[in-house]
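So the structure is just underneath, and the comments pick up after that.
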């Protein structure tokens, strides 16, 4: 029994000593942990450019041709264009009852015909009297009297023609026509209503001729000029458009002046609210990077620069003026530095990177 007990103790001690050796041998024989593979990134170079701080102001998309078209004549409405209807220049917007003018036109035509008949007769008599006067068969005074009566009839004919033309012109004005091509935005009258001369019948808007109207503080006037590109922000999207007009007259109450900014045809519905970014200082040369290159964190902003060894380097920066996709930065970044703009969310400082070609960056978005 004592021999068996000693044997068991010896076996236990041997097992206790051999286990760490086995573990050590297993750790020693394990393969090395693989290195982190290079991250695939897209880069953009920092640039040196002129930037100016901007001030944003609200504006609206308007039409350069927006009119409440009025009738020049009075009358009852017998036809009017529908809201939303597209009309071309010269097409009817509204038609008024012209029955009275038609009758007046007929009366004028009859009066003109009567005067013309009298004039024809007087002309024939004048020709006969001229022959008799030449032969001294009638008194010269009679001939002069006949010529005078003929001249009066000629003036009556001219007056009758003018009155007839006036009636026809008034009758033509009973059809209110579009002064330009556009869409009917409002109907000011309804069928059967009586319209007085000068009253509006419809609002016509040319949606193909658009621009932005914005009011800017007068202290920005020295930085604004026709042709200067400004930023127009709509639904979070920014595009550059040129200033088409600057009205150099400020309002005394608001101390603001009006700007007009050209836009592409039918880019936005008329009435769309926009924001306009205007320069508020003289442009200055600065280092700028793409907005996607700047990473914002609680501890501050930084960029990731790709060095000559294709390793990422973290550089703290301070941001400034933003213009389009560019943002001004100050720090250790120099023009020409390659900065990560795509795929850098999980890149750590010192990590190797593979720069993706420009044609293949879509996959990184």
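The values are calculated or read from the model by the stated rules, or taken from the named source; none is laboratory data. Keep in mind the model is a prediction, meaning the values are calculated, not measured. Positions of Cβ are backbone-derived with ideal geometry, glycine not excepted, and every protein chain shown enters the neighbour counts.
Scoring residue 339 on the criteria (1) surrounded by 20 or more Cβ atoms within 10 Å (Cβ to Cβ); (2) within 27 Å of residue 42 (Cα to Cα); (3) touching a helix residue (DSSP H, G or I) at 6+ places or on another chain (Cβ under 8 Å); (4) modelled with pLDDT under 90 leaves a single failure, condition (4). Just checking, which of 142, 136, 155 is outside the structural domain of residue 85 (by TED's automatic domain parsing), in a loop (DSSP other than H, G, I, E, B) and farther than 30 Å from residue 277 by Cα? Going through 142, 136, 155 in turn, just one is outside the structural domain of residue 85 (by TED's automatic domain parsing), in a loop (DSSP other than H, G, I, E, B) and farther than 30 Å from residue 277 by Cα: 136.
Taking region 53-97 as the range and being in contact with a helix residue (DSSP H, G or I) (Cβ under 7 Å, 6 or more places away or on another chain) and either more than 30 Å from residue 260 (Cβ to Cβ) or not in a strand (DSSP E or B) (or both) as the test, only 73 passes. The number of residues in region 342-351 that are in contact with a helix residue (DSSP H, G or I) (Cβ under 6 Å, 6 or more places away or on another chain) and within 12 Å of residue 306 (Cα to Cα) comes to 0. In this structure, does residue 271 turn out to be farther than 16 Å from residue 55 by Cα and either in contact with a helix residue (DSSP H, G or I) (Cβ under 7 Å, 6 or more places away or on another chain) or not assigned by TED's automatic domain parsing to the domain that holds residue 215 (or both)? No; evaluated as a whole, the condition is false for this residue.
Of the residues making up region 274-310, those that are under 15 Å from residue 239 (Cβ atoms) and touching a helix residue (DSSP H, G or I) at 6+ places or on another chain (Cβ under 7 Å) number 1. Is it the case that region 240-255 has a residue that's surrounded by 16 or more Cβ atoms within 10 Å (Cβ to Cβ) and in contact with a helix residue (DSSP H, G or I) (Cβ under 7 Å, 6 or more places away or on another chain)? There is at least one residue in region 240-255 that is surrounded by 16 or more Cβ atoms within 10 Å (Cβ to Cβ) and in contact with a helix residue (DSSP H, G or I) (Cβ under 7 Å, 6 or more places away or on another chain).
Residue 69 fulfils the conditions (1) modelled with pLDDT under 50; (2) assigned by TED's automatic domain parsing to the domain that holds residue 200 except for a single criterion, (1). The residues of region 43-80 that are surrounded by 16 or more Cβ atoms within 10 Å (Cβ to Cβ) and under 18 Å from residue 335 (Cβ atoms), listed by number, are 43, 44, 46, 51.
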